[in-house]
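Read the structure below first, then the notes.
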Amino acid sequence: MKPNLFILFIALSCQLAVSQNALELTYGLQHYQRQDLTFSPLIFKGTAPINLGLSYQRIGKKSQTKAHIDLAGFACRSVAAFEYSKWDEVEPLTVPPSNFWMIGFGADHHRQIGASGRPVTWYAGLSLRAQLGALFYEFGEYGAFGYTTVASLSPSVAGVWKMSEKNSLHGSLSLPLLNWIARSPYAINDDEFIERQSNHRAIKTLLRLSGDGHWASLGEVQAGTFSVKFNRALHKKWALSLGYDISLLRSQDPHPLTAIEQGLVLGIAKLW
């Protein structure tokens, strides 16, 4: 048994030795557009002043694996800011923007397809994505809280174009076939919603609400993500990147929902 463990240790050590690892911190200018008929027929649009991401990637001889987490807070409006009167206020008030908070998690594993030694290396594999959304709608004197959670398992493809010794272009596309979705109920609030958010703890409430979902077919939920990123090696241990990401979500139950998130992302990575 001990010789087998020793051989396994040596194999893993050799694999790590020939792999490149990267820990990357990103910040970007993101735009969000959302229309959810559960709350309003209006289209809410806005940017994310807060938009941070952290990812770890390992690129081996024939494979690449990545895990990431990101946070974005969007300030969105459906119309220009307007003033309204409140019965207990002397001066008119200005309606604030609606705030949509998104927490995302993801993991990808791809294996190389095709021959090596070409300028573009192609990969195919699977991607796992989950996004938890806490939605604070503002309509003037009154507002509404909503949530949307989507977890997807997707076949995906990726490509790496080695432009020069220091420059490379990376792209990926994923189209989910299996989705778990949890959304605000038909009437926004119901008995189950009230019970699940009774503890008034933000993260715990969002996780409990996320569990109140179901598996959705492609006819009910359509989603997809596409990203392209330019990498520039600064040194053997550091790299900069500039990328563009876009994701789409469409859902029909309990009311039609369409959401598009896209933007430019800057990153700095530590390599080893």
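Shown in residue order for the range 30-38 are the 3J(HN,Hα) couplings computed by the Karplus curve 6.51 cos²θ - 1.76 cosθ + 1.60 at θ = phi - 60°: 10, 10, 10, 9, 9, 10, 10, 6, 5 Hz (x for Gly and Pro).
Less than 14 Å Cβ to Cβ from SER98, Lys/Arg counted +1 and Asp/Glu -1: what total charge do the surrounding residues give?
Numbers: positive: ARG34, LYS45, ARG77; negative: ASP36, GLU138.
Taking every Cβ under 14 Å from that of SER98, the sum is +1.
Distance between the 7 Å Cα→Cβ label points at GLU165 and LYS270: 2.6 nm. Remark: the chain carries 58 Å² of accessible area per residue (probe radius 1.4 Å; ligands, DNA and RNA excluded).
So what is the relative contact order of the chain, in percent, for Cα pairs below 8 Å that sit 6 or more residues apart? Don't jump to the answer; show the numbers that get you there.
Numbers: 676 pairs, mean separation 47.8, N = 272.
18 percent.
Across all C-alpha atoms in the chain, the radius of gyration and Dmax reach 22.0, 81 Å.
If I model a spin label as a point 7 Å beyond the Cα along the Cα-Cβ vector, how far apart are those points for ALA187 and LEU71 in nm? In this crude spin-label approximation the distance works out to 3.5 nm. If you look at the Cα atoms of the range 147-272, you get an Rg and a Dmax of 19.3, 60 Å.
Each principal axis of the Cα cloud of the range 91-197 was evaluated for its coordinate range; sorted largest first, these ranges are 68, 36, 17 Å.
Rounded to whole numbers, the Karplus 3J(HN,Hα) couplings from phi for the range 264-272 are 9, 10, 9, x, 10, 10, 9, 10, 7 Hz, using 6.51 cos²θ - 1.76 cosθ + 1.60 with θ = phi - 60°, and x at Gly and Pro.
Sorting 83-92, 180-189 by their mean Cβ neighbour count within 10 Å, with the most densely packed peptide first, gives 180-189, 83-92.
So if each residue of separation counts as 0.36 nm, and I subtract the Cα-Cα distance between LEU173 and GLU141, what length gain in nm does that give? Walk me through the intermediate numbers first.
Numbers: separation 32, 0.36 × 32 = 11.52 nm, distance 4.23 nm.
Residue separation times 0.36 nm, minus the Cα-Cα distance, leaves 7.3 nm.
Spatially close Lys pairs in the range 115-244, defined by Cα atoms under 24 Å apart and a spacing of eight or more places or different chains, total 7. Near VAL160, once Lys and Arg are set to +1 and Asp and Glu to -1 for all other residues with Cβ below 12 Å from its Cβ, the sum equals +3. Modelled label-to-label distance, TRP122 and VAL228, 7 Å Cα→beta-carbon offset: nm? If labels sit at TRP122 and VAL228, their model points lie 1.7 nm apart. For a label point 7 angstrom out from the Cα of HIS214 toward its Cβ, which stretches of the range 248-272 have the backbone nitrogen within less than 16 Å? The answer is 251-257, whose backbone nitrogens lie closer than 16 Å to the label point.
How large, in percent, is the carbon and sulfur part of the accessible surface of the chain at a probe radius of 1.4 Å? Ligands and nucleic acids excluded, carbon and sulfur give 66 percent.
The values are calculated or read from the model by the stated rules, or taken from the named source; none is laboratory data. Note that this is a predicted model, so its numbers are computed, not measured. For neighbour counting, all protein chains shown are included, and Cβ atoms are generated from backbone atoms with ideal geometry for every residue, glycine included. Quick note on the areas: whole protein, heavy atoms, side chains included, nothing else; ligands and nucleic acids left out. Shrake-Rupley method; radii C 1.70, N 1.55, O 1.52, S 1.80 Å.
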